[in-house]
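Inspection log for the structure reproduced underneath, given as structure tokens.
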Amino acid sequence: MQYTQLGPTGLEVSRLCLGCMNFGSDAAWMLDDRGESIDLIHRALDGGINFLDTANVYSHGESEEIVGEAIASRNREELVVATKVFGEMHDGPNGSGLSRKHIIDQAYASLDRLGVEYIDLYQIHRFDEDTPVEETLSALTHLVDEGVVRYLGASTMSSYQFAKMLYTADLGGDERFVSMQPEYNAVDRHEEANLLPVCEGEDIGVIPWSPLAGGFLTGKYD
């Protein structure tokens with residue numbers, strides 16, 4: 001396995017990251033078998049992958065629980081565990097978004113589900129147009145200061161939105177994002193004219209999601 005530094009950090013991650021969205025029972029296409037899911041994670045770890053990416057909203061926490069169970073017997077210090085926040089976790093007010101309340105509440109909920117004391121990479125899953133950017137950045141910086149989170153990342157937004165967040169963080173002295181997750185593969189390359197130039201110019205690590213275009217590039221739909 002080859003390893004690389006994530007963006008501007010000294011954090012070394014495997015070039016292959018295991019995406020964990022399929023682990024759970026929330027949709028028919030998911031791998032609704034906890035034992036098989038854990039076995040798959042173990043096979044990835046045994047193959048040298050040290051980078052696992054999940055989200056609180058994947059099967060409403062079930063994916064995080066599966067990841068937590070899978071890594072419980074492994075050396076935590078060798079792993080880079082990434083998760084995300086934004087999606088709806090309960091009905092009613094404050095059940096989703098990037099408010100200070102939702103971010104901090106969900107960070108601690110993710111810790112419990114993952115069975116870990118800290119999150120290596122905490123990513124905002126989307127841009128929240130209803131919450132001031134300053135509030136979001138302040139909450140994320142608080143989590144870093146408290147030792148709950150090591151690094152911050154982002155996912156799936158426009159280049160303007162991401163540039164705005166980077167600029168605001170620099171202006172206010174908040175923690176900076178070190179990574180971005182755009183949808184990017186050989187079929188869908190639109191981010192080459194959107195987020196990727198921003199990432200290159202700002203020295204942001206890129207973690208493409210759907211690198212095989214939902215399986216299309218494997219040839220399984222021929």
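Throughout, read-outs are computed from the coordinates displayed, never taken from laboratory work. Only a predicted model underlies this, so the values are computations on that prediction, with no experimental measurement involved. Note that each Cβ is placed from the backbone with ideal geometry, even for glycine, and that neighbours are counted across all protein chains shown.
Assorted remarks:
- Relative to the Cα centre, the charge distribution of the chain, modelled as +1 at Lys and Arg Cβ and -1 at Asp and Glu Cβ, gives a dipole magnitude of about 300 debye.
- DSSP loop chymotrypsin sites (Phe, Trp or Tyr not before Pro) with at most 12 other Cβ within 10 Å: longest gap in the chain: 30-220
- Helix-only mean residue ellipticity at 222 nm for the chain, each DSSP H run of n ≥ 4 adding -39500 (n - 2.57), per residue, nearest 500: -10000 deg cm²/dmol
- For segment 120-135, the Karplus equation 6.51 cos²θ - 1.76 cosθ + 1.60, evaluated at θ = phi - 60°, returns couplings of 5, 10, 9, 10, 7, 6, 8, 8, 9, 6, 9, 10, x, 4, 4, 5 Hz by residue, with Gly and Pro reported as x.
- Shape category assigned to segment 1-135 from the gyration tensor of Cα positions, a/c cut at 1.5: oblate
- Residue exposure sequence - M30, M157 - by fewest surrounding Cβ within 10 Å: M30, M157
- Whether segment 65-222 is rounded, prolate or oblate, judged on the alpha carbon gyration tensor where a/c under 1.5 counts as rounded: oblate
- Counting only DSSP beta bridges whose two residues both lie in the chain, roughly 10 percent are antiparallel.
- Order by protection proxy (mean Cβ within 10 Å, highest first), peptides 63-72, 137-146: 63-72, 137-146
- Look at the dipole of the chain built from charges on Cβ: of I207, V148, G35, the Cα furthest out on the positive end belongs to I207.
- Placed amide H near Y151: partners under 5 Å, 5+ positions off or other chain: L121, Y122
- Within segment 23-112, the trypsin sites (Lys or Arg not before Pro) that combine a DSSP coil assignment with at most 14 other C-beta atoms in a 10 angstrom radius are R74.
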